[in-house]
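Here is the structure we will look at, set down as structure tokens.
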Amino acid sequence: MASSARHRHHVYVVLLDDRVMNDRSYARANPGWDATRPCLYVGMTGLTPELRLARHKAGVKANRYVREHGLRLLPELYAWANPMPYEAAREMEVELAIGLRAEGYAVWQA
């Protein structure tokens with residue numbers, strides 16, 4: 001299998017409107033949120049981050065926080081890691097979310 005075929009997965013970070021904190025589930029998942037930091041969604045995909053965001057916004061296999069509150073991608077938080085193999089992306093999605101939450105960001109990762 002060619003390297004490009006094995007390394008076709010991406011992690012991505014979506015900036016969410018801060019009004020997402022009005023959602024009880026999102027707020028409960030982020031008790032340590034530093035209000036000077038933005039709210040985020042962290043995901044992984046076999047598509048490009050841009051196409052995946054477009055699908056979220058169109059309601060295709062969408063996370064409701066991204067569909068309702070997603071503003072734009074934040075490639076400065078993830079581009080350095082992409083692309084990667086599937087298993088690496090699965091692990092990186094969790095690690096990235098944990099790291100961003102530790103820095104005070106409000107994060108949803110599904």
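The values are calculated or read from the model by the stated rules, or taken from the named source; none is laboratory data. Since the structure is predicted, the reported quantities are computational estimates derived from the model, not experimental observations. Here the Cβ is made from the backbone with ideal geometry for all residues, glycine too, and neighbour counts use every protein chain on show.
Take Ala89 and tell me if it is closer than 17 Å to Leu15 by Cα, of a type in the set (Gly, Ala, Ser), part of a helix (DSSP H, G or I) and touching a residue at least 12 places away in the same chain (Cβ under 8 Å). So Ala89 fails the test. Only one of the numbered conditions (1) within 12 Å of Val107 (Cα to Cα); (2) assigned to a helix (DSSP H, G or I) is violated by Ala54, and that is (1). Among the residues of this structure, Leu40 does not count as one that is part of a helix (DSSP H, G or I) and of a type in the set (A, V, I, L, M).
Residues in the range 28-53 that are without any contact (Cβ under 8 Å) to a residue 40 or more places away in the chain and under 17 Å from Arg101 (Cα atoms): Arg28, Pro31, Ala35. Going through (1) over 14 Å from the mean Cα position of the chain (by Cα); (2) surrounded by 20 or more Cβ atoms within 10 Å (Cβ to Cβ) one by one, Arg28 falls short only on (2). One residue stands out among those in the range 2-29 that are closer than 15 Å to Met92 by Cα and assigned to a loop (DSSP other than H, G, I, E, B): the one that is modelled with the highest pLDDT, which is Arg8.
Can you tell me which of Trp33, Trp108 is in a loop (DSSP other than H, G, I, E, B), surrounded by 13 or more Cβ atoms within 10 Å (Cβ to Cβ) and either modelled with pLDDT of 95 or more or of a type in the set (A, V, I, L, M, F, W, C) (or both)?
Trp33
Considering only residues that are touching a residue at least 12 places away in the same chain (Cβ under 8 Å) and in a helix (DSSP H, G or I), look in the range 73-86 and name the one that is surrounded by the most Cβ atoms within 10 Å (Cβ to Cβ). Spell out how you get there, then give the answer.
Here is the first cut: in the range 73-86, the residues touching a residue at least 12 places away in the same chain (Cβ under 8 Å) are 73-75, 77-78, 81-86.
If we keep only those that are in a helix (DSSP H, G or I) too, we end up with 75, 77, 81, 86.
On the way: Pro75: 13, Leu77: 19, Ala81: 16, Tyr86: 13.
Filtering the range 73-86 for residues that are touching a residue at least 12 places away in the same chain (Cβ under 8 Å) and in a helix (DSSP H, G or I), the one surrounded by the most Cβ atoms within 10 Å (Cβ to Cβ) comes out as Leu77.
Of everything in the range 46-72 that's hydrophobic (A, V, I, L, M, F, W, C) and buried (at least 18 other Cβ atoms within 10 Å of the Cβ), which residue is nearest to Arg6 (Cα to Cα)? So that I can check it myself, show each step before the final result.
Residues of the range 46-72 hydrophobic (A, V, I, L, M, F, W, C): 47, 51, 53-54, 58, 60, 62, 66, 71.
Pick out the ones that are also buried (at least 18 other Cβ atoms within 10 Å of the Cβ) and you get 53, 66.
Details: Leu53: 22, Val66: 27 Å.
The extreme case among them is Leu53.
Every condition in (1) within 11 Å of Val13 (Cβ to Cβ); (2) within 12 Å of the chain's Cα centre (by Cα); (3) not polar (S, T, N, Q) is met by Ala110 except one, and the failing one is (1).
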